[in-house]
Each structure stands twice: as C-alpha cells, then as structure tokens.
C-alpha cells in the first residue's frame, strides 16, 4: 500500500491534519517563498444566512477526503506566462512591480499579487491583477538575487557529535 498523498485540486473536500477543520478548496495561492496555501471554505451550516470565511492552510497540512466537485470546475487558464519574482507591468494602468503571489480561483481565473513599492504611509502597495493584463518587463528577483547562505549545501559531517553532551547527575 502506498503512503503517497493524493494531490490536492480545486473543489476537493479536505481536512487540516492539525485542527481537523474540513472544507472545500476554493483557491490556490502560490507564494514567492515557495509556499503553497489553499483557501478552504467550510460548508454553510443549515439555517445560516452567512457564508463562512475561507481559511488559508499550507498544502502539506491538508489531506484529501473526497473529490468533491473538482471535476465540475472549468479548466484553469493555461496561457499564464508570468513567473513569480519577475518584474511585470499592468498593460492598463502602467503600474510596474514584482509578482509575489499567484492565485488560481475555481472559475479558472489566474491573478497575481504585484508589489509596486511603498505607499505614502510606508506600507507595501500591492495590486491584484489578472494575468492577461500583465507583461514581463524584467528579471525582477533573479535566481542569483534570491539565493542566500541558507541555500548553500550543508557541509559534510562525520556523523559524530558536534559538541560534548553535558552530563547530568540523577538524584535518587
């Protein structure tokens, strides 16, 4: 028997492995950091007049319970050419910035969060723009710029202790 997890798709009924929260995947968010989060929408309780808010949960914390309505959703727009970290320009407004998040919705629409700089209050100015309105205008955060010392391969280890383990005295 395989321990491989079933891949998550939009429309699946999923469960958070820690909180046991259950709901349907309504959007997928891919972040510049490499994290993938899913927007999980719980079912509306009987008699409720409000739609509950979706929760964002990291992909590795989710388990697929059933297919849900995944096969009934439209195809995801496969014409997306923008990559996270690239410098892009909105063809309508002329705004430029770095693509930091890719969001795929149930209806197949794909949008990007674009950080355009700081606003007058010193806060990040972020635009959410459909990918069809964006064009790549530069490398943005190239792979060389994104690399850090944390990305360096670990030094070879002998397998022995790295430091002495302090001895503890057990009182009886």
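Coordinate-derived values only; no laboratory data. Note that the structure is a prediction, hence the values are computed from the model and not measured. Here the Cβ positions follow ideal geometry from the backbone for every residue, glycine too, while neighbour counts run over all protein chains shown.
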Q: Kindly state, to the nearest 0.05, the FRET efficiency for residue 120 paired with residue 141, given R0 = 22 Å and r defined as their beta-carbon distance.
A: 0.35
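Could you grab the relative contact order for region 1-123? Cα pairs under 8 Å, six or more apart, rounded to a whole percent.
Reported as a whole number, the value is 24 percent.
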Q) Could you state the principal axis extents of the C-alpha atoms in region 35-126, from the largest down, to the nearest angstrom? A) 45, 34, 28
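Rank the residues 79, 9 as a footprinting-exposure proxy: fewest other Cβ atoms within 10 Å of their Cβ go first.
Working: 79 8, 9 17.
Ordered from fewest to most neighbouring Cβ atoms within 10 Å, 79, 9 come out as 79, 9.
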Q.
Just to be sure I understand the model, the point goes 7 Å from the Cα along the line to the Cβ. What's the resulting residue 130 to residue 78 distance in nm?
A. 2.0
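Test of understanding: ordering 25, 81 by Cβ neighbours within 10 Å, fewest first, what list do you get? Spell out each step's value before the answer.
Numbers: 25 25, 81 9.
The order, fewest Cβ neighbours first, is 81, 25.
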Q | For region 13-72, the Rg and Dmax computed from alpha carbons only, in angstrom | A | 12.1, 40
